[in-house]
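Contents: one structure, followed by commentary.
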Amino acid sequence: MSLPIDWIKPGAGGIEVAGGAAFVDPSLPKPLAIVTHGHADHARAGHGRVIATPETLAIMEARYGPTEGWPVAYGETVEVGDVRVTLYPAGHVLGSAQVLLERAGERVIVTGDFKRAADPTCPPFVPIACDVLITEATFGLPVFRHPPASDEIAKVMERLAESPERCVLVGAYALGKAQRVICHLREAGYDKPIYLHGAMEKLCALYEAHGVALGELRSATGAEAAEMAGHVVVAPPSALRDRWARRLPDPVLAMASGWLQVRQRVRQNNIDLPLVISDHADWEELTRTIREVAPSEVWVTHGSEAGLLRWCELNQIRARALHMVGRTDEGEA
Ligand SMILES: [Zn+2]
Ligand SMILES: [Zn+2]
């Protein structure tokens, strides 16, 4: 039996709510957008008005300039026509939210990107019971098991101790992954200055302004090679093989991404020190989450849909793939 939920229409350009009154993460400009988080494949420029957490709105302003925001805190409910909209933490990056849409007793959750693993930069994902769960499945295959981030960070600390004349250059996506890696290093007791590529500075300052303490950060651009020896340098993955990296003291090339569980990706990127640190749910997290929220139906926005659809079928949960276009979690995963 299919649910009679006809007020949510997933389309190529986003998830339409109540006949177009709002769209969740639309890929084209809309009069009213509900934006789950600040990554560019979810938060686009040019909407009339944006419902999002204050943190996501700040990230959008930093990236796109002035945005007419309708700030909604976690747990707060607003009304769009006859639909009640509530945002809950998604545990993905600073400000990331799941969207609960309620109408006439029917409950739909759009997770946006999410994870269940501990992340000191944002509050943890909250499982919310619903009729329809609309989820990503970036790592929707049983082979994907992300190790604890602390194990990966320990490898960085070991490498620094082994080679004090070199630096460890960590390639990490500028929004979310970079700040999370820095926080995990601090949790592990690394209290030396961390050097940043210029592309990281603005978002690190934004995180700090929202209460995420990152410790002492220095610009790598103005620094002498010698002072960076024995230190961690954080840069966008694209900078690892850039001219920019040549001025660093014999860098150990590290990268933080859930994709680095795949050996071929490590080879392709010529990474010395792969760090399997992901901001997306792995297979266990995805299936645990579906069990916990116990939906009647699962709709999969993007990722490895086939594996998750099969799992749902085996567990007698109706499921469908939405084939959302424009979602790419390559860089940020
Ligand atoms: Zn994301
Ligand atoms: Zn995404």
So, Asp25, is that one crowded, with 24+ Cβ neighbours inside 10 Å and over 16 Å from Leu206 (Cβ atoms) or not?
yes
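Can you list the strands (runs of 3 or more DSSP E) found entirely within the range 143-238 that contain at least 3 residues being out of contact with any Ser or Thr (no Cβ under 8 Å at 6 or more places or on another chain) and either of a type in the set (S, T, N, Q) or surrounded by 19 or more Cβ atoms within 10 Å (Cβ to Cβ) (or both)?
Once the strands (runs of 3 or more DSSP E) in the range 143-238 are filtered for at least 3 residues that are out of contact with any Ser or Thr (no Cβ under 8 Å at 6 or more places or on another chain) and either of a type in the set (S, T, N, Q) or surrounded by 19 or more Cβ atoms within 10 Å (Cβ to Cβ) (or both), what remains is 168-171, 232-235.
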Among residues of the range 31-56, those that are open to solvent by 10 Å² or more (accessible area, probe 1.4 Å), hydrophobic (A, V, I, L, M, F, W, C) and either within 16 Å of ligand 1 (Cβ to nearest atom) or in a strand (DSSP E or B) (or both), counted
2
Among strands (runs of 3 or more DSSP E) entirely inside the range 244-331, those with 2 or more residues being open to solvent by less than 20 Å² (accessible area, probe 1.4 Å) are 252-256, 273-275, 297-303
Residue that is free of Cβ contacts under 8 Å to residues at least 40 places away in the same chain and over 16 Å from the mean Cα position of the chain (by Cα), where the choices are Arg318, Arg288, Arg263
Arg263
Has the range 293-303 got any residue that is among the aliphatic types (A, V, I, L, M), away from ligand 1 (no atom under 16 Å from the Cβ), at pLDDT 95 or above and not assigned by the TED database to the domain that holds Arg44?
no
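Here is a yes/no grid of residues against (1) more than 16 Å from ligand 2 (Cβ to nearest atom); (2) in contact with a Cys (Cβ under 8 Å, 6 or more places away or on another chain):
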{"site": "Pro249", "(1), (2)": "yes, yes"}
{"site": "Gly258", "(1), (2)": "no, no"}
{"site": "Val293", "(1), (2)": "yes, yes"}
{"site": "Asn315", "(1), (2)": "yes, no"}
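The values are calculated or read from the model by the stated rules, or taken from the named source; none is laboratory data. Just so it is clear, the structure is predicted and the values come from calculations on it, not from any experiment. Note: ideal-geometry Cβ built from the backbone for every residue, glycine included; neighbour counts use all protein chains shown. Surface accessibility is based on the protein's heavy atoms, side chains included, excluding ligands, DNA and RNA. Shrake-Rupley method; radii C 1.70, N 1.55, O 1.52, S 1.80 Å.
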